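Undergrad: What follows is a single structure, and I will ask about it in a moment.
Please treat every number below as a calculation from the coordinates, not as lab data. Predicted, not measured: the structure shown is a model, and the values here were computed from it. Cβ placement follows ideal geometry from the backbone for every residue including glycine, while neighbour counts extend to all protein chains displayed.
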There are 2 protein chains.
Amino acid sequence: MGEGLKGFTKLTPIVEAWREFKSEIKLKSGVEEVPLFNALGRVLAEDIIAPIDLPPFNTSALDGYAVRAEETFNASRYNPALIDVKHVVKVSTGDALPNGYDAVVPLELTEAKEGFLEIYSSVPKWGNVNRKGFDVSKGSRILNKGRKLRPWDLALLTSLGFKYVKVFRVLRAIIYPIGSELRTPPFLPTERLRPESNSLAIKALLEFKGMKAKVGEILKDEVREISGKLVRASEEADIIITLGGTSIGGRDVTVRAVENVGEVIAHGIAMRPGKPTALAKIEGKPVICLSGYPVAAFIAFKTFVEPLVDYIMRSYPQLKVIYGKLSSRVPSEPGLVDFVRAKLRWKGDTYIIVPIRRSGSSLYSSLTRSEGTIVIPEGVEGLEENALAPFIFHEDPWYPYLGLT
Amino acid sequence: MGEGLKGFTKLTPIVEAWREFKSEIKLKSGVEEVPLFNALGRVLAEDIIAPIDLPPFNTSALDGYAVRAEETFNASRYNPALIDVKHVVKVSTGDALPNGYDAVVPLELTEAKEGFLEIYSSVPKWGNVNRKGFDVSKGSRILNKGRKLRPWDLALLTSLGFKYVKVFRVLRAIIYPIGSELRTPPFLPTERLRPESNSLAIKALLEFKGMKAKVGEILKDEVREISGKLVRASEEADIIITLGGTSIGGRDVTVRAVENVGEVIAHGIAMRPGKPTALAKIEGKPVICLSGYPVAAFIAFKTFVEPLVDYIMRSYPQLKVIYGKLSSRVPSEPGLVDFVRAKLRWKGDTYIIVPIRRSGSSLYSSLTRSEGTIVIPEGVEGLEENALAPFIFHEDPWYPYLGLT
């Protein structure tokens, strides 16, 4: 059963909607300085240039004796080199190489004998030495602006003597669940009322993206109330997300409420699920109206909110797409980008992609039972059994695959 | 320049070391109940059975009129069905279907006319209805013990009326950096002293794995001091990690210190980097002695600490391996599992794996410049240019690829 246009007279292609949306967003993230131990996952607001060499000196790569390489020339087990012990220096791994020395002989290839060191192997110049600047050379750029700081970035910066880094301010999002039928959990569903649950997931997804997310109160399906809240939200938050009321049915007032106080850039996107998504702005702040259906909300979040956050932070993630063989045919409606939930099975040397059969956009189980999504482009009418398909794990970004940059 | 045995007379294969280690660990994680809004990323300690159907009632999938399907039989634009408006019920998306009705006609396919509703299309029984239990049926198992709770798991549980879930207690790790040459940062390296930086990265990696991690004070290369600290650590922490002093040189006293108060299960592993890693136990608590070299510490962390945490928590991640073509030959030493840092480039329809040239285990830059690791099994002598190689992103687990379960 196709969803059809669902009342939309025109659907905007994803890429077009994104480009218009992006061009309307004026928001730039501020910059702040934070101590390294608090900088994990933050996005660099500056290129980092190495202030010193690393290692800062020539250092020994192992436990042994610092020597002059030429003195070990031709040494072997049968023809050891003999050096006065006063002319060698015992060093441990990581020790700075004393001045005037240019190689290290491993301890196990030496023996001290009556004032002399016997050396059983020749070493080349700089043999077993980690040379000054070998890891990082002073003045080189080691991390780029826009990088999301990872565990070893912090260790490297610490090794170089850094204490603080400049990072972009954390973006703040506010989420408004909308729907008179929603009640604050815990709540057991009745015929007319149900617990509001999607904001919990959207909040978690925003936090995964490094944002501070706050869930606002549940709003009733009343245009004026919603409009008022959104204006106030645009003053305190960087990004506003609404959940629910985005179709064009009688009770779907969210987009009308946004129109009253802002500008709707696109409503009705050529994607499935997620068709009723709207992209808008209020006072220059981005507003993303997500469906109240969990799957549609998730798919539109991955499609539009993730690139938005990265765009503002100037941080671009790596595409992680995995190709696998489809275990069964996947139908798709041409003219729409289709997102199909699936599981992945590893069969020794190849991945099998198993599409989730029941995949209505209202089904939580299609999200909790799947591990990722197959993306089927607009021009394609479906993928055959055994076809190679692109699979993206739910926790990885897929917007680079859609060409949204 | 091969590392050779580096003083180890025997190297234990990874799988063998892991199996022995695992069999010696008696640790089981306790269980606690937490509110759903605090449960993200926690590991379920129970199977979750749906206490109700979801949706709990038959609900309308769209805005329209609830009807009896048979009354729309053969209806079309030219031959509309006519039903008394008293016999239909207007419903919005998500509304419970009133008793006695079995289908919904979309609003746009109807028109109200003088007490009658004209219907321009037939609907099948249960057409446009999300049936009771369609998403989740009461009594079915929806989430398994050992599952790391994801955003939509929480939304689903909330929709089912849950308030709390039983999860495994968060494991506590303590990290001891060891080395008389180390100083607490911020500190600029001198010829003899350098800032201790690796614990910051290891702490972050442990936190990514859902643990609580604490960095202990820097310990000097003194057997008795280290032994004493480790015994106390085994009383307060679940997992103990040491950093540094694991080789068998003169100043490498960590493993000796562990031996004094516990049992060393393996020291010297057939892997590169990470050869000097030791696996041990003190009072039944797992102790993992990582190299002081950042790359070796990271590789051994991914190889042994990640499966350990998941084993204790009974949580098993999905393997995420990506195959790509090697941009250049990668040499490898047979008899060792080789871990080679690399970058990934997406070339339209295939991944190119670009190995990082300078990959000594002391190099921070080989970690910060790479995105993942190529794993080369023991029996393989190297991989040729253009060969298909398995690439795993640094943030994804690779131990399932090694067969450590």
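Undergrad: Using r as the Cβ-Cβ distance of B:Ser137 and B:Lys166, and R0 as 35 Å, what FRET efficiency do you calculate, to the nearest 0.05? The partial results should precede the final answer.
TA: Details: r = 22 Å, r/R0 = 0.63.
Taking R0 as 35 Å, the efficiency between B:Ser137 and B:Lys166 is 0.95.
Undergrad: From the phi angles alone, apply the Karplus equation (6.51, -1.76, 1.60; θ = phi - 60°) to region A:147-155 and give each ³J(HN,Hα) in whole Hz, x where the residue is Gly or Pro.
TA: 6, 7, 5, 10, x, 7, 4, 5, 5
Undergrad: Show me the GluC sites (Glu not before Pro) within region B:159-265 that DSSP assigns to loop and that have at most 11 other Cβ atoms within 10 Å of their Cβ.
TA: Those that pass, being in a loop and sparsely packed, are B:Glu217.
Undergrad: Further, regarding this structure: How much FRET efficiency would the formula 1/(1 + (r/R0)^6) give for A:Glu236 and B:Glu16, where r is the Cβ-Cβ distance and R0 is 60 Å, rounded to 0.05?
TA: Values: r = 58 Å, r/R0 = 0.96.
Calculated value: 0.55.
Undergrad: Where the centre of each part is set by its Cα atoms, how far does region A:269-318 sit from region B:29-90, in angstrom?
TA: Between the Cα centres of region A:269-318 and region B:29-90 lies a distance of 25 Å.
Undergrad: I need the inter-copy label distances for A:Pro13: point set 7 Å along Cα to C-beta, values in nm with one decimal, smallest first.
TA: Shortest to longest, the spacings are 5.4 nm.
Undergrad: Any number yet on Rg/Rh for the protein assembly as shown, C-alpha, Kirkwood? List each step's numbers first, then the result.
TA: Numbers: Rg = 30.9 Å, Rh = 29.4 Å.
Radius of gyration relative to Kirkwood radius: 1.05.
Undergrad: Under 18 Å from a label point 7 Å along Cα→Cβ of B:Glu118: give me every residue in region B:42-70 with its amide N that close.
TA: Output list for this probe position: B:65.
Undergrad: Given region A:322-402, what whole percent of its Cα pairs are spread farther than 14 Å?
TA: Result: 59 percent of Cα pairs exceed 14 Å.
Undergrad: Provide the FRET efficiency to the nearest 0.05 for the B:Lys347-B:Tyr316 pair, computing r from the beta carbons and using R0 = 22 Å.
TA: Working: r = 33 Å, r/R0 = 1.48.
So, using R0 = 22 Å, E works out to roughly 0.10.
Undergrad: Translational diffusion coefficient, Stokes-Einstein: compute it for region A:8-157 using the Kirkwood radius over C-alpha pairs as Rh, at 4 °C and 1.567 mPa s, and state it as an integer in µm² s⁻¹. Show your work: numbers first, answer last.
TA: On the way: Rh = 19.7 Å.
It comes out at roughly 66 µm²/s.
Undergrad: Which far-off residues, 5 or more places away or on another chain, put their amide H under 5 Å from the one on A:Met271, with H placed in the peptide plane?
TA: Amide H to amide H, under 5 Å and 5 or more residues apart or across chains, A:Met271 pairs with A:Val337.
Undergrad: Once label points are set 7 Å from the Cα along Cα→Cβ at both B:Arg357 and A:Glu24, what is their separation, rounded to one decimal in nm?
TA: 4.9
Undergrad: Still on this model: Extending each Cα 7 Å along its Cβ direction at A:Lys90 and B:Lys214, get the distance between those two points in nm, one decimal.
TA: Inter-label distance under the simple model: 3.8 nm.
Undergrad: When the dipole is taken about the Cα centre of the protein assembly as shown, and only Lys, Arg (+1) and Asp, Glu (-1) are charged at their Cβ, what size is it in debye, to the nearest 20?
TA: Numbers: 108 positive and 96 negative charges, 122 e Å.
In debye, rounded to 20, the protein assembly as shown gives about 580.
Undergrad: Follow-up question, since we're still on this one. If the only charges are +1 at each Lys and Arg Cβ and -1 at each Asp and Glu Cβ, what is the size of the charge dipole of region B:59-130 around the Cα centre, to the nearest 20 debye? Don't jump to the answer; show the numbers that get you there.
TA: Numbers: 6 positive and 10 negative charges, 17 e Å.
Dipole of region B:59-130, to the nearest 20 debye: 80 debye.
Undergrad: Run the quick spin-label model on A:Glu111 and A:Asn386: label points 7 Å from Cα toward the beta carbon, then report their separation in nm to one decimal.
TA: Going from the A:Glu111 label point to the A:Asn386 one covers 6.8 nm.
Undergrad: Tell me the angle of helix A:198-208 to the major Cα principal axis of chain A, expressed in degrees between 0 and 90 and rounded to the nearest ten.
TA: Taking the Cα atoms of chain A, the angle to A:198-208 is about 20 degrees.
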